[in-house]
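Just below is one structure, and these are the notes that go with it.
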Amino acid sequence: MNKAGEREQIEIALLLEGLYQLYGYDFRNYAASSVRRRIWHRVNAERLPTITALTERMLHDRSVMNRLLADLTIHVTEMFRDPQVFRSFRERVVPLLRTYPFIRIWHAGCSTGEEVYSMAILLKEEGLYDKTRIYATDMNERVLETAREGVFPLERMQTFTRNYIEAGGKESFSNYYTAKYDSVLFQSELKRNIVFAQHNLVTDRSFNEFNVIFCRNVMIYFNKELQNHVHGLLFDSLSTFGVLALGTKESINFTRYADSYEELDAHSRLYRKIKS
């Protein structure tokens with residue numbers, strides 16, 4: 001590596017250390033190429049000459065930190081994303097949940113909440129919502145606020161409706177929201193058993209025991225060390241015979257917990273914990 005490359009690595013390391021030490025957000029073990037690209041995007045957007053200049057701004061101006069945080073956290077989501085996952089959950093996991101007197105579900109890294117509302121709708125249709133508590137967490141308080149409001153762009157409803165149908169939806173999707181101007185508001189009833197809270201998978205500990213954990217398309221941005229850490233957190237948070245749902249590009253294979261799960265649906269990345 002040449003001197004310029006070494007200097008850039010040092011600058012990135014210092015920025016991430018400052019972000020962690022001052023604000024508590026830890027991106028030090030995120031995938032290096034993705035972090036580098038997003039940092040440079042913010043450098044250019046702030047019209048600064050160097051990463052060091054961005055570090056200085058970030059340390060002294062919280063609004064700059066918030067903009068950087070928005071760049072570093074990925075929020076690509078939609079309702080009933082990967083519909084086959086939700087169809088498989090309905091077919092394979094819901095029968096298991098019917099045997100529980102009370103159900104606790106954790107959506108880790110819930111972003112703006114589309115996946116959480118999808119789960120609420122599915123459980124309502126299966127007659128399980130009234131005995132369920134859903135915990136929806138993210139490290140970013142701004143996206144959590146969007147999730148709490150339950151307001152989404154009207155233009156996305158066509159995609160959401162198609163996903164809902166492919167996921168095995170049983171009603172008319174429009175029954176679950178009210179359209180007004182260019183936005184839709186989802187039924188407040190869907191939020192009744194949802195707890196939205198800030199939680200950082202990198203720095204925070206387990207806070208409950210869950211029957212189901214959804215942590216989809218979060219760990220693809222982590223390096224191996226951080227992936228192993230989060231897998232441990234999820235394992236410790238999942239009850240025996242509980243179900244873990246990962247993203248379609250993620251897996252428990254090659255983790256130290258691989259032998260502690262059985263596959264419910266390998267394609268949809270649904271796993272059941274069989275060993276404590």
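A few notes on this one:
- In this entry, ILE220 passes the filter for residues that are of a type in the set (A, V, I, L, M) and open to solvent by 60 Å² or more (accessible area, probe 1.4 Å).
- Of all the numbered requirements in (1) over 15 Å from VAL243 (Cα atoms); (2) open to solvent by 30 Å² or more (accessible area, probe 1.4 Å); (3) in a loop (DSSP other than H, G, I, E, B), LYS124 misses one, and that requirement is (3).
- Candidates in region 148-161 are the residues that are out of contact with any Phe, Trp or Tyr (no Cβ under 9 Å at 6 or more places or on another chain) and in contact (Cβ under 8 Å) with a residue 60 or more places away in the chain; of these, the one that is most open to solvent (accessible area, probe 1.4 Å) is ARG156.
- When region 242-263 is filtered for residues that are touching a helix residue (DSSP H, G or I) at 6+ places or on another chain (Cβ under 8 Å) and either crowded, with 21+ Cβ neighbours inside 10 Å or not in a helix (DSSP H, G or I) (or both), the ones remaining, listed by number, are VAL243, LEU244, ALA245, LEU246, GLY247, THR248, LYS249, GLU250, ILE252, THR255, ARG256, TYR257.
- Identity of the residue in region 70-104, aliphatic (A, V, I, L, M) and out of contact with any Leu (no Cβ under 8 Å at 6 or more places or on another chain), that ends up nearest to SER237 (Cα to Cα): LEU96
- Hey, LEU144 in contact with a helix residue (DSSP H, G or I) (Cβ under 7 Å, 6 or more places away or on another chain), in a helix (DSSP H, G or I) and buried (at least 21 other Cβ atoms within 10 Å of the Cβ) or not: no
- Filter result for SER239 (of a type in the set (Ser, Thr, Tyr), surrounded by fewer than 17 Cβ atoms within 10 Å (Cβ to Cβ) and outside any loop (DSSP other than H, G, I, E, B)): yes
- Residue that is at pLDDT 95 or above, closer than 22 Å to SER260 by Cα and either in contact with a Leu (Cβ under 9 Å, 6 or more places away or on another chain) or of a type outside the set (Phe, Trp, Tyr) (or both), where the choices are ASN217, ASN228, ASN211, ASN193: ASN211
- Residue in region 180-199 that is surrounded by 13 or more Cβ atoms within 10 Å (Cβ to Cβ) and on the phi > 0 side of the Ramachandran plot present: no
The values are calculated or read from the model by the stated rules, or taken from the named source; none is laboratory data. Not measured: the values here are computed from a predicted model. Cβ sites come from the backbone with ideal geometry, for glycine too, and all protein chains shown count toward neighbours. Calculation scope for accessible area: heavy atoms of the full protein, side chains included, ligands and nucleic acids excluded. Shrake-Rupley method; radii C 1.70, N 1.55, O 1.52, S 1.80 Å.
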